[in-house]
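What follows is a single structure, written as structure tokens, with notes after it.
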Amino acid sequence: MNENKVTVGSIDEYISMFSPEVQVMLQSIRQVIHESAPDATEKISYQMPTFELHGNLVHFAAFKNHIGFYPTPSGIEAFQEELNEYHKSKGTLQFPYDKPLPYDLISRIVKYRVNSNMEKADRKAKKNK
């Protein structure tokens, strides 16, 4: 086991580990997610701030040169046209520190993920009746 691994118990604790500038960005993303998914709950998953509602919605995390945003592959695919200026992979977006965060885009992605998770939960509930 890695004895140097830092574990955190809350999003507040996670955010407090970073510079004041990065803390502001992380808190801003957190607020946008809260506003876009008011019924979602916070947790730490994979040592990252995570929001869940009928399953994981999104994760986010700070790195050396960017903030990683993880809306699952479906969240990336649905907004593919708008994501060309960001480095991305299957389920990850990277927002560099030297560019303004795209709060409107983050909000729309989160709302998309809420709808996806709600539809999935509804289908599951109907199947189990």
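In the structure shown, do any of Lys90/Lys120; Lys43/Lys111; Lys88/Lys124; Lys43/Lys64; Lys64/Lys99; Lys43/Lys124 have a Cα-Cα gap over 25 Å, and if so which? Walk me through the numbers on the way to the answer.
On the way: Lys90/Lys120 20 Å; Lys43/Lys111 18 Å; Lys88/Lys124 30 Å; Lys43/Lys64 23 Å; Lys64/Lys99 14 Å; Lys43/Lys124 23 Å.
Listed pairs above 25 Å: Lys88/Lys124.
Between Asn117, Asn65, Asn56, which gets the highest mean-square fluctuation from a Gaussian network model of the chain, Cα cutoff 10 Å?
So, out of Asn117, Asn65, Asn56, the one fluctuating most is Asn65.
Using packing as a proxy for protection, rank 119-128, 13-22, 32-41 so that the peptide with the highest average count of other Cβ atoms within 10 Å comes first. Provide the component values of the computation, followed by the final result.
Working: 119-128: 9.8, 13-22: 13.1, 32-41: 16.1.
So the peptides 119-128, 13-22, 32-41, ranked by packing, come out 32-41, 13-22, 119-128.
Charges on Cβ only, +1 for Lys and Arg, -1 for Asp and Glu, centred on the Cα centroid of the chain; of Ser45, Tyr14, Pro100, which one is farthest towards the dipole's positive end?
Ser45
For n ≥ 4 DSSP H runs only, could you compute -39500 (n - 2.57) per run for the chain, divide by its residues and tell me the 222 nm figure to the nearest 500? Please report the intermediate quantities before stating the final value.
Working: 4 runs with 54 residues, N = 129.
Dividing the helical sum by the residues of the chain leaves -13500 deg cm²/dmol.
If each residue's Cβ is checked for other Cβ atoms within 10 Å, how do His66, His87 rank with the fewest at the top?
Details: His66 17, His87 12.
Listing His66, His87 from fewest to most nearby Cβ atoms yields His87, His66.
For the chain, with only Lys/Arg (+1) and Asp/Glu (-1) charged at the beta-carbon, what is the dipole magnitude about the Cα centre, in debye rounded to 20?
The calculated dipole for the chain is roughly 680 debye.
GNM, the chain, Cα, under 10 Å: largest mean-square fluctuation among Leu26, Leu105, Leu57?
Its mean-square fluctuation being the largest, the pick is Leu105.
Every number here is computed from the coordinates shown, using simple stated rules; none is lab data. Because the structure is predicted, anything quoted here is derived from the model rather than measured. Don't worry about glycine lacking a Cβ; one is built from the backbone with ideal geometry, like all the others, and counts go over all protein chains shown.
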